1. When both residues are 6+ apart or on different chains and their Cβ atoms are under 7 Å apart, which pairs have a first residue that lies in region 191-202 and is more than 6 Å from the ligand (Cβ to nearest atom), and a second that is of a type in the set (Val, Ile, Thr) and in a helix (DSSP H, G or I)?
2. Filter region 336-367 for residues that are β-branched (Val, Ile, Thr) and in a loop (DSSP other than H, G, I, E, B); which is farthest from the ligand (Cβ to nearest atom)?
3. It is to be established whether one or more residues within region 462-475 are under 26 Å from the mean Cα position of the chain (by Cα) and part of a helix (DSSP H, G or I).
4. Could you pull out the residue among VAL283, VAL262 that is away from the ligand (no atom under 16 Å from the Cβ) and not small (Gly, Ala, Ser)?
5. Provide a single number: the residues in region 237-269 that are on the phi < 0 side of the Ramachandran plot, outside any helix (DSSP H, G or I) and without any contact (Cβ under 8 Å) to a residue 24 or more places away in the chain.
6. If you check every pair at least six apart or on different chains, which have Cβ atoms under 6 Å apart with a residue in region 88-104 that is under 19 Å from SER245 (Cα atoms) first and a residue that is basic (Lys, Arg) second?
7. Of the residues that make up region 162-173, is at least one over 19 Å from LYS39 (Cβ atoms), within 16 Å of the ligand (Cβ to nearest atom) and in contact with a helix residue (DSSP H, G or I) (Cβ under 6 Å, 6 or more places away or on another chain)?
8. Filtering region 343-369 down to residues that are out of contact with any helix residue (DSSP H, G or I) (no Cβ under 8 Å at 6 or more places or on another chain) and either surrounded by fewer than 16 Cβ atoms within 10 Å (Cβ to Cβ) or aromatic (Phe, Trp, Tyr) (or both), which residue is farthest from PRO399 (Cα to Cα)?
Amino acid sequence: MGGTSCDATRSRESDFAMFRMPSVIVIGAGMSGLCMAVKLRRAGITDFTVLEKASDVGGTWRDNTYPGLRCDVPSAFYQYFFDRNPDWSHFFAAGDEIQDYFRGVVDRFALREHIELDTEVTRAEFAEGRWRVRTADGRTREADFLISASGVLHHPVVPDIPGLDSFDGAWFHTARWDHSVSLADKRVGVVGTGSTGVQIVSELGGSVPKLSLFQRTPQWVLPVPNWRNDRLTRALRSRFPALTSLEYRLIEGIFSILVAAVTRPGWQRTMISKLCELNLRTVRDQDLRRKLTPDYQAMCKRLVMSPSFYRAVRRPGVEVITERIDHVEPRGVVTTDGTLHEVDVLALATGFDSHAYLRPVELVGPTGRTLSDAWSEGPRAYRTVALPEFPNLFLLMGPHSPVGNFSLVPIAEVQADYAISWIRAWQRGEYTTAAPTREATDDYNARLRAAMPNTVWATGCQSWYLGKDGLPEVWPWSPHRHARMLRDRHTDEFVVDPAQEGVWR
Ligand code: N01
């Protein structure tokens, strides 16, 4: 026994001798960047900085403030498992409540000193074994690891509608909502019928004198009710935190039905399609129902959840316009049939560039390869989290992450844990620089591509899930499989500390 304990002490001492403290730069202080920051802190890593281009944390929940904004994933599941909030006011919380939660994370986990706001990363280059990160203020910082947590849907797409600039009223993208514009007594036009457009119409329909929804493609809508969490429920959750864990797992289980529906044909897909069809039948007006009927399979586009959209479009003053937009003139929107739809405010719910990821930040690897070169055929990663030829880089919410109608929060946690496991190995002195091999990355991407035909996203519709090659750019299996895949570091699939720079290639 004595000998064993002596050996253990010696081994701890040698561990300590080999223990190195890394420096880490995280790009973005949204949901995934804050998750990474907490995980770094909990791993005892103190030398880390989160660089955020905006003036506040929160990402999506900072940028989106449009009327009716809610998360369409239940709040009990759209939160960090390590920081479960017993106090969510509703089953689906409103945007400002979620933003408060993320601001609260900064305080609860003492992250403030690690976050630099108004600091936009413009370029990062890996040279002499470290990342050199340049920011818009002209400064350069260095770190052993770079973590990209820049989000998936953060570059608003403003469509090139002729005459938009000639419009006399206010117009803006929904992720840049102009709250200085009062909507009282205004005729409002909304372009787009994705999750955003549907939430805005559900909120404003009937409360402004006129609401014109310019719909290019109808959506399938699943009517999931949103209820208020009463005081007793919240008190019980506070008193017995195990209840919040149970609720989290329960909703995760229910969401796995949705995940099964989108990733493979089966009863789940049939059931959800039927529920959407039944919901559509609540629209009795045949002409309106025809306008709202999609000609593609439910869930091919991201499924819209709303218990009130079909009620909202039947309210007085609401009109669904299906003629294509031709141009905008000072008084409003002119459709291809020549009709002028007069509006005072125009909100563009026209979505985001889902393929940009970290870009326009330019990454340059040790061989001189840039991210633009690497992704010239579209964004591809190693197991969603790393890139060949870009050592000591980890991506959160990278290409093919499971973002299709699932909570992104547990995905970020799994990916952050994976990055931590590599950083831990670095601390133990197991390597200094590592990047996945091209072969392993290509093999993995070939497996992804082979699984795509099973998914509902490949059944013939346009959506932000589809890449340049027409194939979905999302995870084609269950999020559990994604978590299992990242449980192991798969070190045999990495190039580690090559003797020559060229070996990274
Ligand atoms: O954007 P979208 P979104 N003329 O790309 C139309 C998440 N989200 O902001 O279908 C006319 O889905 C376009 O038409 P079409 C969620 O993941 C989450 O609504 O391409 N129309 C479509 O109708 C969601 O999926 C929450 O024919 C034009 C719409 O604009 C993702 O964000 C809430 C047009 C764009 O739909 C994006 O949703 C909100 C044009 N020139 C969003 N260009 C939560 O609650 C585009 N459209 C978590």
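1. Once the first residue is more than 6 Å from the ligand (Cβ to nearest atom) and sits in region 191-202, its partners that are of a type in the set (Val, Ile, Thr) and in a helix (DSSP H, G or I) give ILE200/THR174.
2. Going residue by residue through region 336-367, those that are β-branched (Val, Ile, Thr) are 336, 339, 343, 345, 350, 361, 364, 367.
Now restrict to residues that are in a loop (DSSP other than H, G, I, E, B): 336, 339, 343, 350, 361, 367.
Values: THR336: 11, THR339: 15, VAL343: 14, THR350: 4, VAL361: 21, THR367: 35 Å.
Taking the candidates together, the pick is THR367.
3. Among the residues of region 462-475, not one is under 26 Å from the mean Cα position of the chain (by Cα) and part of a helix (DSSP H, G or I), which makes the answer no.
4. On the way: VAL262 fails: away from the ligand (no atom under 16 Å from the Cβ).
Being away from the ligand (no atom under 16 Å from the Cβ) and not small (Gly, Ala, Ser) holds for just one of VAL283, VAL262, which is VAL283.
5. The first filter runs over region 237-269 and keeps only residues on the phi < 0 side of the Ramachandran plot, leaving 237-265, 267-269.
Then keep just the ones that are outside any helix (DSSP H, G or I); that gives 240, 264-265.
Within this subset, residues satisfying the condition of being without any contact (Cβ under 8 Å) to a residue 24 or more places away in the chain are 240.
Result for region 237-269: 1.
6. HIS90/ARG228; PHE92/ARG70
7. Within region 162-173, not a single residue is over 19 Å from LYS39 (Cβ atoms), within 16 Å of the ligand (Cβ to nearest atom) and in contact with a helix residue (DSSP H, G or I) (Cβ under 6 Å, 6 or more places away or on another chain).
8. Across region 343-369, the extreme among qualifying residues is GLY368.
Values quoted throughout were computed directly from the atomic coordinates according to the rules given, and no laboratory measurement underlies them. Bear in mind that the values here come from a model prediction, so they are computed numbers and not experimental data. Heads up, the Cβs are rebuilt from the backbone with ideal geometry, glycines too, and the neighbour counts pull from every protein chain shown.
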